[in-house]
Amino acid sequence: MKKNSLVNLYKSLFKVLFVVTAILFSSFPMTSSKAIISNQTDSDSRPQQSTTGPEIPAEVMLQDLQKQEDTIQNKLTEKLINVPSYLWRHGCGPTAVGMVIGFFDANGFPDLVDGDPWSQTNSVDQMIASGGTVEAPFPPQRRGHFEDYSLPIDEPPNMRPDNYLTSGLSAHSSNSVADFMKTSRSEHDNYYGWSWSSDIGPAFTAYVSSRNGHYQPSTSFFYKNMLSWQILVSQINNNRPMVFLVDTNSDGYTDHFVTVIGYRTSPAQQYAVWDTWDNSTIRWENFKYIQQGVPWGIWGGWSFDVSEIPDLGYEIYLPIAFRN
């Protein structure tokens, strides 16, 4: 076959492949600026939000008061990972992922957090969400996530444009988990402290990569039935904390991100979390999927890992003709 014939054949094949790919992608439905997860068809498999604030909601507190104390029949079924515990900092999403980052910082990847990751220092706060607080915002020349995106503090039903949009200033360069997660950003339909499930994995990988180019982060997402008990057990047994998006108040809607640090099978299949509202008491909840009437029902979860790109031990030199 002549060379020109081969070229024409390849061109034809490429056109067919391009058309088929375009048709496939165009068939994916879209929501208001949020793509439906491609391998799911249920309406509730679309990206979901957290909606909680810095204090435990009254209805969740009431549930806790009414909950019967667990009767542990076999303590040996309990498995826990030692993970730093942080309190809610401008969003449960960045706080939950921040604890995972603190864990990896303490276990072989020390460039992720400045200083000690085991207590919630100012460096840890800046990792979770840069900037100040309501009581002590940073000055304009040191603006961070809080000043650009959290302010003005808003809540449903009145969403207000973010501070950087109305101040005429450019937003600061992303430097915290909350930045990469788009937490509180009005342009992404987030009220103060809210985050989308679709931004959990990208925020983790972007933040880790920004801290050290030799770190190779990875995440996996598991939706509802895909998130089996065996998945949880495997991740914890392999010393990898997870993040779940749950329905704390049993109304059938997602509202809170938590850091998963363990499991046990007595008195039932239960998962253990740092819930961002209490940094000293581990919360145990039944491993059940989200459904109205099920407190702390699980909508989905994420696993995380970090490895180090190996140093090849040699340098590559360009030919003189290609050097500046």
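Derivation of every value follows stated rules applied to the coordinates shown; laboratory data play no part. Just so you know, these numbers come straight off a predicted model, no measurement behind them. Methodologically, a virtual Cβ is constructed for each residue, glycine included, from the backbone with ideal geometry; neighbour enumeration extends over all protein chains shown.
Once you put a point 7 Å from the Cα of residue 221 and another 7 Å from the Cα of residue 237, both along the Cβ direction, what distance in nm separates them?
Placing both labels 7 Å along Cα→Cβ, they lie 2.7 nm apart.
How do 95, 281 line up, fewest other C-beta atoms within 10 Å first?
Starting with the residue having the fewest Cβ neighbours, the order is 281, 95.
Give the value in nm², to one decimal: projected area of the alpha carbon convex hull of the range 137-255, averaged over all directions.
Spelled out: convex hull of the Cα atoms, projected over all directions, averaged, 9.7 nm².
Projected onto the charge dipole of the range 58-308 (+1 at Lys/Arg Cβ, -1 at Asp/Glu Cβ, origin at the Cα centre), which of 99, 178, 232 gives the Cα projection farthest towards the positive end?
232
Could you calculate the contour length gain from residue 214 to residue 173, that is, 0.36 nm times the residue separation minus the distance between their Cα atoms, to one decimal place in nm?
Full-extension gain reported as 12.7 nm.
If one computes the Cα centroid of the range 205-225 and of the range 258-304, what distance in Å separates the two points?
Computed from Cα coordinates, the inter-centre distance equals 22 Å.
Report Rg(Cα)/(2.2 N^0.38 Å) for the range 58-308, keeping two decimals. Please list the in-between numbers first.
Values: Rg = 18.0 Å, N = 251, 2.2 N^0.38 = 18.0 Å.
For the range 58-308, the normalised Cα radius of gyration comes out at 1.00.
How large is the dipole of the range 58-308 about the Cα centre if only Lys and Arg carry +1 and Asp and Glu carry -1, each at its Cβ, rounded to the nearest 20 debye?
Dipole about the Cα centre, nearest 20: 520 debye.
Under a Cβ-only charge scheme (Lys and Arg +1, Asp and Glu -1), can you give me the dipole magnitude of the range 65-195 about the Cα centre, in debye to the nearest 20?
On the way: 9 positive and 17 negative charges, 24 e Å.
Dipole magnitude for the range 65-195 comes out near 120 debye.
From the Cα gyration tensor of the range 60-117, with a ≥ b ≥ c the square roots of its eigenvalues, which class applies: rounded if a/c is under 1.5, or else prolate if a/b is larger than b/c, or else oblate?
Taking the square roots of the gyration eigenvalues as a ≥ b ≥ c, the range 60-117 is oblate.
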